[in-house]
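The values are calculated or read from the model by the stated rules, or taken from the named source; none is laboratory data. This one's a predicted model, so the numbers in the text were calculated from it and none came from an experiment. A quick note on method: Cβ atoms are made from the backbone with ideal geometry, for glycine too, and the neighbour counts reach across all protein chains shown. Quick note on the areas: whole protein, heavy atoms, side chains included, nothing else; ligands and nucleic acids left out. Shrake-Rupley method; radii C 1.70, N 1.55, O 1.52, S 1.80 Å.
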Amino acid sequence: QVHFEESGGGLVQPGGSLRLSCAASAVILRIYEMGWYHQAPGKQRELVASITTHGNANYEASVKGRFIISRDDAGSTMYLQMNSLKPEDTGVFYCNRFPPINYGWGQGTQVTVSS
């Protein structure tokens, strides 16, 4: 049974920053490529960032240069540092394997960017 738990969301003003955390098994983080996914209100969930087992990161165009994905294997945690937040970043953020697995979806963490 795969279990991912997201945290760190909240309300932030445009231009602000948040750091999201994803708690997971250290084994999972070592052997699978992982991703952060964003579901904006009324829209489908989309991949915004992924990190390979070797630590190589890839970003969707709209977040490139603003978001940083990282992985702390020893601590069993994956992070998403989000800077220069925009209102369109509002939504629920999830972590999961990449490609995602159906039973890997957790509750997500809500991010609201608003003045």
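Anything in segment 45-62 that is of a type in the set (A, V, I, L, M), within 16 Å of residue 97 (Cβ to Cβ) and open to solvent by 30 Å² or more (accessible area, probe 1.4 Å)? List them, or say none.
Within segment 45-62, the first condition is being of a type in the set (A, V, I, L, M), and the residues that meet it are 47-49, 51, 57, 61.
Right, trim to within 16 Å of residue 97 (Cβ to Cβ) and you get 47-49, 51, 57.
Within segment 45-62, 47, 57 meet the criteria.
Look through 35, 65 and report the one residue that is at pLDDT 95 or above and crowded, with 16+ Cβ neighbours inside 10 Å. Talk me through it step by step, then tell me what you get.
On the way: 65 fails: crowded, with 16+ Cβ neighbours inside 10 Å.
Criteria check complete, one pass: 35.
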Exercise. Does any residue of segment 89-110 turn out to be polar (S, T, N, Q), closer than 15 Å to residue 7 by Cβ and open to solvent by 30 Å² or more (accessible area, probe 1.4 Å)?
Worked result: yes
For this session: Please list, ordered by first then second residue, the pairs with beta carbon atoms under 7 Å, 6 or more apart or interchain, first in segment 98-115 and outside any loop (DSSP other than H, G, I, E, B), second among the polar types (S, T, N, Q) and modelled with pLDDT of 95 or more.
Result: 104/96; 109/7; 111/90; 112/90; 113/90
Problem set entry | Of all residues in segment 68-103 being of a type in the set (Lys, Arg) and closer than 22 Å to residue 27 by Cα, the one that is modelled with the highest pLDDT | 97
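With the structure loaded, tell me whether residue 29 is open to solvent by less than 20 Å² (accessible area, probe 1.4 Å), outside any strand (DSSP E or B) and on the phi < 0 side of the Ramachandran plot or whether it fails that test. Spell out how you get there, then give the answer.
On the way: open to solvent by less than 20 Å² (accessible area, probe 1.4 Å): yes; outside any strand (DSSP E or B): yes; on the phi < 0 side of the Ramachandran plot: yes.
Judged against the criteria, residue 29 is a match.
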Exercise. Which condition number in (1) loosely packed, with under 15 Cβ neighbours inside 10 Å; (2) at negative phi is the one that residue 42 fails?
Worked result: (2)
Exercise. What is the number of the single condition among (1) more than 12 Å from the chain's Cα centre (by Cα); (2) in a strand (DSSP E or B); (3) among the β-branched types (Val, Ile, Thr) that residue 48 does not meet?
Worked result: (1)
